[in-house]
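Colleague: Below is one structure. I have some questions about it.
Derivation of every value follows stated rules applied to the coordinates shown; laboratory data play no part. Since the model is a prediction, treat every value here as computed from it, not as a measurement. Cβ: placed from backbone, ideal geometry, glycine included. Neighbour counts: every protein chain shown.
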Amino acid sequence: MIGSPALISYILLNFILWTGYSVNVPFLRWKQYPVVSALILFVSSTFIFPITNFLHMQTFVFKRPVVFPRSLIVSIVFMGFYSIGLALSKDIPDIEGDKQHGIDSFSMRLGQEKVFWICVFLFEMAFGIVFLAGATSSSPFWIKIVTSVGSFALASILWYQTKYVDVTNPASTRSFYSFNWKLLMGAYFLLPLTR
């Protein structure tokens, strides 16, 4: 309705990707292919979401020329690690359903325990990127403290939660997956501060 090319691109690109992911017709239903499934979440979260929303604000709302700030670059790198972790952790609780439907997920290939720790590593790397970006920021000292302490707190909370996850229990791993989305919301608060 408002005519923002960036927002229209966001909607169309995500519609195409997520329809291909979930629609059960020939050549689609990409969720049955673990690499393609992970790539869809990666591309959508790492590139489409931050770049189109940034372009909307920069060009349509503020009417400024496009200059990619450090906070956008940090957000893209952060989401690169975090979205792969989310894509992999999504399949950990679904191993029985994947067996029944013939889906060869990473959890099936590598085992739930190994995929779980790969996900934890990816999430912690993402928080480490925000920590380093915040600590080396040109922002005022208090913003450096907020981003560094905030990212360290999120990483610590994640690490603390790992001891309560039973990778063989679908309810436990689903809870862990949902919990990581909550941590992501906390990171969304910190990312714009990394200048």
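Residue-by-condition table, conditions (1) touching a residue at least 12 places away in the same chain (Cβ under 8 Å); (2) under 30 Å from V67 (Cβ atoms); (3) among the basic types (K, R):
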{"site": "G111", "(1), (2), (3)": "no, no, no"}
{"site": "W117", "(1), (2), (3)": "no, no, no"}
{"site": "A133", "(1), (2), (3)": "yes, yes, no"}
{"site": "S138", "(1), (2), (3)": "yes, yes, no"}
{"site": "I143", "(1), (2), (3)": "yes, yes, no"}
{"site": "Q161", "(1), (2), (3)": "yes, no, no"}
{"site": "T168", "(1), (2), (3)": "yes, no, no"}
{"site": "W181", "(1), (2), (3)": "yes, no, no"}
{"site": "T194", "(1), (2), (3)": "yes, yes, no"}
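One line per residue, one yes/no per condition, for (1) within 30 Å of N53 (Cα to Cα); (2) buried (at least 20 other Cβ atoms within 10 Å of the Cβ); (3) of a type in the set (F, W, Y); (4) in contact with a Ser or Thr (Cβ under 9 Å, 6 or more places away or on another chain):
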| residue | (1), (2), (3), (4) |
| --- | --- |
| I92 | no, yes, no, yes |
| S105 | no, yes, no, yes |
| K114 | no, no, no, yes |
| F152 | yes, no, yes, no |
| T162 | no, no, no, no |
| F179 | yes, no, yes, no |
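Colleague: Name the residues in region 52-75 that are out of contact with any Lys or Arg (no Cβ under 7 Å at 6 or more places or on another chain), surrounded by fewer than 18 Cβ atoms within 10 Å (Cβ to Cβ) and assigned to a helix (DSSP H, G or I), would you?
Modeller: Answer for region 52-75, where residues must be out of contact with any Lys or Arg (no Cβ under 7 Å at 6 or more places or on another chain), surrounded by fewer than 18 Cβ atoms within 10 Å (Cβ to Cβ) and assigned to a helix (DSSP H, G or I): N53, M57, T59, F60, V61, I73.
Colleague: So I48 clears everything in (1) surrounded by fewer than 13 Cβ atoms within 10 Å (Cβ to Cβ); (2) in contact (Cβ under 8 Å) with a residue 24 or more places away in the chain except one condition, right? Which one?
Modeller: Result: I48 fails condition (1) only.
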